[in-house]
1. Using the Karplus curve 6.51 cos²θ - 1.76 cosθ + 1.60 with θ = phi - 60°, what ³J(HN,Hα) values do you get for each residue of segment 39-56, in whole Hz, with x for Gly and Pro?
2. So, counting K/R as plus one and D/E as minus one, what does the shell of residues with Cβ under 10 Å around PHE146 add up to?
3. Starting from the Cα of TYR53, step 7 Å along the direction of its Cβ; do the same at CYS148; then give the gap between the two resulting points in nm.
4. Given H placed on each backbone N at 1.01 Å, which residues far from GLY110 in sequence or on other chains put an amide H within less than 5 Å of it?
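No value in this document is a laboratory result; all are computed from the given coordinates. Computed from a predicted structure; not experimentally measured. As a convention, Cβ positions derive from the backbone with ideal geometry for all residues, glycine included, and neighbour counts pool all protein chains shown.
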Amino acid sequence: MKASVSLPDHVIQRYPLFSRASIYYRERRLRAFIRVMNLKENASILDVGGQPYFWQNFPIPVKVTCLNLYSEGGENQDNVISETYDGGDFPFEDQSFDVVHSNSVIEHVGDYSAQKRFANEIMRVGQRYWVQTPNYYLPFEPHAQFPCFQYLPPNLKLAVGKRWKKAAYPYADLLSIQLLTRTQLLDLFPGGKIWEEKVLFLAKSYSIYSSLPNRRAESPATAGETIGTAI
């Protein structure tokens, strides 16, 4: 099954090499998402923090709702609608969607308690979920486009962020990003399983998922399962 993704033109123009690598890995991840979640035609998908362009070449006809803090407008596809919210509770009833999808968003929502609330909302409104985030221990921070940026003390982060012109985000945003470890993801999503995306022998990112109907277990899982990798 052919699964392809695109990026906005302004991103490709500013980061040509990074964009090619990003598209390559996103397409591999998208194929894993389709396979692992066993998506069917007309499945309802909530994409938290996603944009309509991501779904424009999706190989299965699905119904997608993109949920964001603001609407960019003018990008909706025939099978995609966009909604906004205030960053708190999602404006949907329990188990409203077959699948909740989120790509590189949870690291942006705030501290660990905010990330826990975000994870709980994903598990509440979705029967199943797939949530991807970069690996804290990868020695290259993708938002800053700078080696080991996440390990720097705050004052040094501020100094680098102000001066480093190749960063993909403003320096104030870089200071608020909270990358996660594998262990933290398993704590945020009890009972979830992890799909690792690798660069050589290093985990580039993690996608935690529930491929069975979500029962929102009350007690944390003691371990997760790694079912595959993307090289």
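1. Computed from phi, the couplings for segment 39-56 are 5, 10, 4, 6, 4, 8, 10, 9, 9, 7, x, x, 10, x, 4, 4, 9, 5 Hz.
2. Working: positive: LYS157, LYS166; negative: GLU141.
Overall, the nearby charge balance is +1.
3. 3.4
4. Result for GLY110 returns GLN178.
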